[in-house]
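No value in this document is a laboratory result; all are computed from the given coordinates. Predicted model, so just to flag it, every value in this text is computed and none were measured. Cβ atoms come from the backbone with ideal geometry, glycine included; neighbour counts cover every protein chain shown.
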Amino acid sequence: MDTDAQPGSGPGLRWRLRSLPNGDEEAVDRLGAQLNSLPAALARSLLLRNVSCFDSARAFFRNGLETLHDPFLMRDMDRAAARVAAAIRAGERVLVYGDYDVDGATSTALMTRFLRSQGVEAHFFIPNRFIHGYGLCADGLDRAVELGASLVVALDCGVTAVAEAEYARAVGLDLVICDHHEPGAKLPDALAVLDPKRPDCDYPFDGLSGCGVGFKLVQATLTVLGQPAEEAYAFLDLVAVSVACDIVPIMGENRVLMRAGLERLAHSPQPGLAALADTIKVDLRVCTSSSIVFQIGPRINAAGRLEDASIAAELLLAEDRDEALVLAQRLETLNLRRRELDAATREEALAMAQGFMSASPLSLVLHGDDWHPGIVGITASRVAEHYGRPTVLLTTASNGEAKGSARSVRGVDLHAALSACADLLTRFGGHAHAAGLALPVANVAALRARLEATVAATVKAEDLEPELQLDAPLSLGAIDDRFWKVLKQFDPFGPDNPKPLFWGANLRVVGQPSLCGAEKKHLRLRVAQRDDGGPTYPVIGFNLAERMPAALSSLRVGRPVELAFVVEENVWNGRSNLQLRAEDLRLAAH
């Protein structure tokens, strides 16, 4: 099978079979044999997830909460937990300082809920995107002083807040930072800085969300207080929402937290999450990471994007169902407005990007004077996905600066690229996949040139060509009950653990293909393995209407098709069946 082939019919993506570690294809058979003759397609998918033996497979599939790492392995955790425990024992007032995205809102709710459950008078402050900008600020620390707080616990921000930490010390505040972003050259002089990405931190897993770091602090604090660390499990639904929405790797400890958090969502969610799910008709009993990312997350984010993220935090802290339902409806109203703005901004940004694409750039820096600052991050993601280029989207802020968000693509470390442009920026922060930044408007053109040169030194144009990365070849005859039972256990899915994408070859189209959906954008058909007399499977290809000519041509000339697909369960009216969700379809080569 050609592992770097072009589609045989019409425009399409390049298909590439993902390379195994060390290129060792014989490892597929070895692992399959260790796992009781596991089908080769599943064994190959496991190897791509660094599961290479029986023990690592057991850790991947049987990863319960008992496998979580000791929180005290994290640098400064002993000091942080001791200080929070002291505040609880002494009845001090505490300010929880969060961020205005989903991770920040869930982090804020988790820590505030925990402190209040311990009898602490805990308040929270989330900066306003339009007034304060990102991260720790003097206004938030002044608010702590006004409230009479002696301790500030900052979550999902703070690891680069050197000046703000000095200010906190100057006004008499103890500061504990729980962050997961890349640290700068100098750490803040805080009482404790928890961040598994610290170069001097030996914590075994550095992919935690900000809420995940907060969860570890709660576990450690309970231990110091002599209480069961398992009491922190009451907040796992919040952790799951943060893990899904913050695009952190769904591997290692995050996989454990995500799976347990989904269970919590199904059986005993926080009242605010339950109210939000009811409002938008999401059944939490069968909630997945995708449900969180595409349905729950956008509503929580809408508050900080368009108004004030405190609305989302209040929802997640609500104890009264009626109050929660009012807040949930408010978020839904904001989300509808966000979608309108998103559509308009996306149209303008894509048109602007198209103008630059004639020069075949490896990166895109787009600046619109009046784009809504709460929307630029979403739009940057859309443009990056559409053109396969790391994208910076900027708008002109009220202070005259260009301010915005950046999103990356496979193969480009965005944080490293922006670090090479640091002298042009007023400030920036983030990680390899996403970042926020600000700079003088006069520097936008220079940023465009510098970022282009930086990316060009890292990747080639062909590396950025849109492509489908497939896990393994798969014959439809291999999809039996055992195959499906094992594949289901790959869940939860997300970054570093996507749904396995399979390559089906020598397939025949059965019956008449059709287009469906309100705008007839989706392709529906059935396929079978050619000449083996096996079962046929229904196929749904969302937004693949342009592949209809290839499907019809296959029927007309008797030429087989190839399918890039995931295997999933389709539930309708209480009945379920397996279907293939196509990512692409093409005529087989002659």
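Which angle between 0 and 90 degrees, to the nearest 10, do you get for helix 236-245 versus the longest principal axis of the chain when only C-alpha atoms count?
Between the helix axis and the principal axis of the chain, the angle is about 60 degrees.
Taking amide H positions as placed in the peptide plane 1.01 Å from N, state which residues far from Leu191 in sequence (5 or more) or on other chains have amide H under 5 Å from it.
Close amide H contacts, sequence-distant or interchain: Leu175.
Could you name the lysines whose alpha carbon sits less than 27 Å from that of Lys281, not counting residues in the same chain fewer than 8 places away?
Excluding near neighbours in sequence, the set is Lys488, Lys499, Lys520, Lys521.
Give the span of the stretch 353-502's Cα atoms along each principal axis, as three whole-Å numbers ordered largest to smallest.
In descending order, the Cα extents are 61, 29, 26 Å.
Which of Leu48, Ile177, Ala190 sits farthest toward the positive end of the charge dipole of the chain, with +1 on the Cβ of Lys and Arg and -1 on the Cβ of Asp and Glu?
Result: Leu48, furthest along the dipole toward the positive end.
Mind ranking 392-399, 225-232 by how tightly packed they are, going by the mean number of other C-beta atoms within 10 angstrom, highest first?
392-399, 225-232
With charges set only on the Cβ (+1 for Lys and Arg, -1 for Asp and Glu), what does the dipole of the chain come to about its Cα centre, in debye to the nearest 20?
1580 debye
Name the long-range amide H neighbours of Leu208: under 5 Å, sequence gap of 5 or more, or other chain; modelled H, no Pro or chain starts.
For Leu208, whose amide H was placed from the backbone, there are no distant partners under 5 Å.
Find out how many positive minus negative residues lie around Val365, taking Lys and Arg as positive, Asp and Glu as negative, among other residues whose Cβ is under 11 Å from that of Val365.
Residues close to Val365 contribute a combined charge of +2.
Where does the Debye-calculated log10 I(q)/I(0) of the stretch 440-590 sit at q = 0.08, 0.16 Å⁻¹, using only Cα point scatterers of equal weight, no solvent?
Rounded to two decimals, the profile gives -0.33, -0.92.
In Å, what Kirkwood hydrodynamic radius results for the stretch 116-176 from the alpha-carbon pair distances?
12.0 Å
Applying the Karplus parametrisation 6.51 cos²θ - 1.76 cosθ + 1.60 with θ = phi - 60° to the phi angles of the stretch 394-402, what ³J(HN,Hα) value in whole Hz is obtained for each residue in order, glycine and proline being reported as x?
10, 10, 8, 7, 5, 8, x, 6, 8
Could you give log10 I(q)/I(0) at q = 0.07, 0.13, 0.14 Å⁻¹ for the stretch 66-333, computed by the Debye formula over C-alpha point scatterers of equal weight, without solvent?
Ignoring solvent entirely, the Cα scatterers give -0.21, -0.76, -0.90.
Is the chain best put as rounded, prolate or oblate by its Cα gyration tensor, with a ≥ b ≥ c the root eigenvalues, rounded for a/c under 1.5, and otherwise prolate when a/b is larger than b/c, oblate when not?
Cα axes put the chain in the prolate bin.
Angle, helix 252-267 long axis vs. longest principal axis of the chain, Cα atoms, 0 to 90°, nearest 10?
Approximately 90 degrees, to the nearest 10.
Measure of size requested: the Rg and Dmax of the stretch 369-452, with Cα atoms as the atom set and Å as the unit; please supply both.
Cα radius of gyration and Dmax of the stretch 369-452 are 11.6, 34 Å respectively.
Give me the net charge of Asn254's neighbourhood, meaning all other residues with Cβ under 11 Å from the Cβ of Asn254; Lys, Arg count +1, Asp, Glu -1.
Once positives and negatives cancel, what remains is -2.
Could you work out Rg/(2.2 N^0.38 Å) for the stretch 471-530, with Rg from alpha carbons only?
1.40
Given N residues in the stretch 126-239, what is Rg(Cα) / (2.2 N^0.38 Å)?
Computed over Cα atoms of the stretch 126-239, the ratio equals 1.09.
Using only the alpha-carbon atoms of the stretch 448-492, report the extent along each of the three principal axes, biggest first, to the nearest angstrom.
Reported extents, whole Å, longest axis first: 54, 23, 13.
Would you please give the residues with an amide H less than 5 Å from that of Ala318, counting only those at least 5 places away or on a separate chain, with H modeled from the backbone geometry?
Distant-sequence amide H within range of Ala318: Gly272.
Can you report the principal axis dimensions of the stretch 35-105 using only the alpha carbons, biggest first, rounded to whole angstrom?
The Cα atoms of the stretch 35-105 stretch 59, 27, 19 Å along the principal axes, largest first.
Residue by residue through the stretch 509-526, what is 3J(HN,Hα) from phi via Karplus (6.51 cos²θ - 1.76 cosθ + 1.60, θ = phi - 60°)? Round to whole Hz and write x for glycine and proline.
After applying 6.51 cos²θ - 1.76 cosθ + 1.60, I find 7, 10, x, 9, x, 8, 9, 9, x, 4, 10, 6, 9, 9, 9, 10, 7, 10 Hz.
Computed over the Cα atoms of the stretch 1-148, what is the ratio Rg over Rh, Rh following Kirkwood?
The Rg/Rh ratio comes out at 1.22.
Go through the stretch 560-568 residue by residue and turn each phi into a ³J(HN,Hα) via Karplus (6.51, -1.76, 1.60, θ = phi - 60°); whole Hz please, and just put x for glycine and proline.
Result, rounded to whole Hz: x, 10, 10, 9, 9, 8, 10, 9, 9.
Find the centroid of the Cα atoms in the stretch 501-534 and in the stretch 451-469, then give the distance between the two in whole Å.
Result: 33 Å between the Cα centres.
Compute the signed sum of charges (Lys and Arg +1, Asp and Glu -1) over the other residues within less than 15 Å, Cβ to Cβ, of His386.
-1
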